[in-house]
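Presented below is the structure to which this report refers.
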Ligand SMILES: Nc1ncnc2c1ncn2[C@@H]1O[C@H](COP(=O)(O)OP(=O)(O)OP(=O)(O)O)[C@@H](O)[C@H]1O
Ligand SMILES: [Mg+2]
């Protein structure tokens with residue numbers, strides 16, 4: 001799922017955001033498969049210090065998140081320089097987090113997967129191999145700063161099927177299939 005390098009070509013940079021279990025990975029992977037955008041999972045960019053902290057059950061504060069968000073912005077900017085478009089699965093719950101991501105490539109576009117907590121809760125309960133304490137979803141929902149109109153974020157309803165969400169993201173953002181990846 002790696003786009004061809006085309007330095008200088010215009011690129012698109014999409015961030016699929018939302019609380020834990022909203023379907024970010026599912027939808028971002030679907031968008032990548034349908035358009036050829038290069039996919040990345042934001043969680044995999046955490047520096048070792050953050051990983052150790054999370055393993056110890058210590059929540060990350062904003063200061064700990066900053067180098068991670070800067071790395072993500074840098075990753076997108078580096079792909080942009082190569083002419084490669086990207087789609088990132090990243091919770092990006094706060095405005096300040098999204099603003100750091102916006103400091104990467106020239107244009108970062110967000111898709112918020114939003115909807116009833118019950119839908120997400122039920123989905124998480126069914127997810128194989130994972131256990132999410134109910135308190136985690138509550139704290140994520142409390143942290144979520146829904147985008148202001150000035151952020152022009154595409155908001156999609158988590159109650160749709162994954163296929164419908166991928167179509168809505170691709171159509172809503174005008175990600176012409178196969179073209180934005182530089183093919
Ligand atoms: N639109 C959907 N309809 C039904 N089930 C879905 C949908 N989207 C995702 N799922 C399922 O819900 C669960 C959570 O999805 P996913 O892992 O993509 O969420 P996430 O936002 O990436 O979560 P995390 O924050 O933990 O990484 C998975 O079991 C996935 O298969
Ligand atoms: Mg995920």
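The values are calculated or read from the model by the stated rules, or taken from the named source; none is laboratory data. Fair warning: this is a prediction, and the values are worked out from it, not measured in the lab. Note that each Cβ is placed from the backbone with ideal geometry, even for glycine, and that neighbours are counted across all protein chains shown.
Structure above, values below:
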| read-out | value |
| --- | --- |
| In the range 84-116, residue nearest to residue 36 (Cα to Cα) [restricted to those that are within 14 Å of ligand 2 (Cβ to nearest atom) and part of a loop (DSSP other than H, G, I, E, B)] | 90 |
| Looking only at the range 1-49, and only at residues there that are crowded, with 24+ Cβ neighbours inside 10 Å and in a strand (DSSP E or B), the one that is farthest from ligand 1 (Cβ to nearest atom) | 13 |
| Top-ranked residue of the range 78-97 - restricted to ones that are within 16 Å of ligand 1 (Cβ to nearest atom) and in contact (Cβ under 8 Å) with a residue 40 or more places away in the chain, ranked as surrounded by the fewest Cβ atoms within 10 Å (Cβ to Cβ) | 94 |
| Test result for residue 142, away from ligand 2 (no atom under 16 Å from the Cβ), at pLDDT below 80 and at negative phi | no |
| Criterion (touching a strand residue (DSSP E or B) at 6+ places or on another chain (Cβ under 9 Å) and under 22 Å from residue 137 (Cα atoms)) met by exactly one of 58, 16 | 16 |
| Cβ-Cβ under 8 Å pairs, at least 6 apart or on other chains, the range 23-48 side at positive phi, far side within 11 Å of ligand 2 (Cβ to nearest atom) and at pLDDT 95 or above | 23/113 |
| Residue 58 being surrounded by fewer than 19 Cβ atoms within 10 Å (Cβ to Cβ) and in a loop (DSSP other than H, G, I, E, B) | yes |
| Inter-residue pairs, beta-carbon under 7 Å, first without any contact (Cβ under 8 Å) to a residue 24 or more places away in the chain and in the range 152-174, second outside any loop (DSSP other than H, G, I, E, B) and more than 8 Å from ligand 1 (Cβ to nearest atom), 6+ apart | 160/168; 168/156 |
